[in-house]
1. Note the count of lysine pairs whose C-alpha atoms are less than 22 angstrom apart in the range 2-86, limited to pairs 8 or more residues apart or on different chains.
2. Semi-axes of the equivalent ellipsoid for the chain, please: Cα gyration tensor eigenvalues, times 5, square-rooted, ordered largest first, whole Å.
3. How big is the dipole moment of the chain about its Cα centre under a simple scheme where the beta carbon of each Lys and Arg is +1, that of each Asp and Glu is -1, and everything else is neutral? Debye, nearest 20, please.
4. How big is the range 55-103 on each of its three principal axes, counting only the C-alpha atoms and giving the largest first in Å?
5. Would you work out which of Thr28, Ile15, Leu55 lies farthest towards the positive end of the dipole of the chain? Charges go on Cβ: Lys and Arg +1, Asp and Glu -1.
6. Under 28 Å from the Cα of Lys102, which lysines turn up, not counting those fewer than eight places away in the same chain?
7. To the nearest 10 degrees, how steep is helix 100-115 against the longest Cα principal axis of the chain, on a 0 to 90 scale?
Amino acid sequence: MLNINLKRVFALRGISNPQKFLVKGGFTRPTAWNLLNNNTTLIRSKQLELLCELLNCEPNDLYEWKPDKGTKDVSTHPLRALLRTGKTPQYKEMIDQLPLDKLDQVEEMLTELGSAE
């Protein structure tokens, strides 16, 4: 089954109040709630585009695929790139636990990664 998993992206981005973030970004409260609770069967292209703009991501970053029980070979399935296994890293907590002298290294790495695009 293919779903949109916004909670994962918000956790990766360190956004603690996703509903407030979405409403501030232009979504109505009911739409934000439905998106966050995977309570929607349709997402409009304009909504998908707005989500990607707000979260600085691509549509594939928002989707998650959980194979149906009848799926035979997941390793060759076209949707395999959307398999999300494991726990979502909590970057903010990881950074909070680093000694201050290591934060300079983190900043350098992030600057390098940001300028590589």
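Throughout, read-outs are computed from the coordinates displayed, never taken from laboratory work. The model shown is predicted, which means the values in this text are computed figures rather than measured ones. So basically every Cβ, Gly included, is an ideal-geometry build from the backbone, and we count neighbours across all protein chains shown.
1. 6
2. Semi-axis lengths for the chain are 28, 21, 14 Å.
3. With only Lys, Arg, Asp and Glu charged at Cβ, the dipole is about 880 debye.
4. For the range 55-103, the Cα extents along the three principal axes come out at 50, 22, 14 Å.
5. Among Thr28, Ile15, Leu55, the one farthest towards the positive end of the dipole of the chain is Thr28.
6. Output for Lys102: Lys87, Lys92.
7. That works out to roughly 50 degrees.
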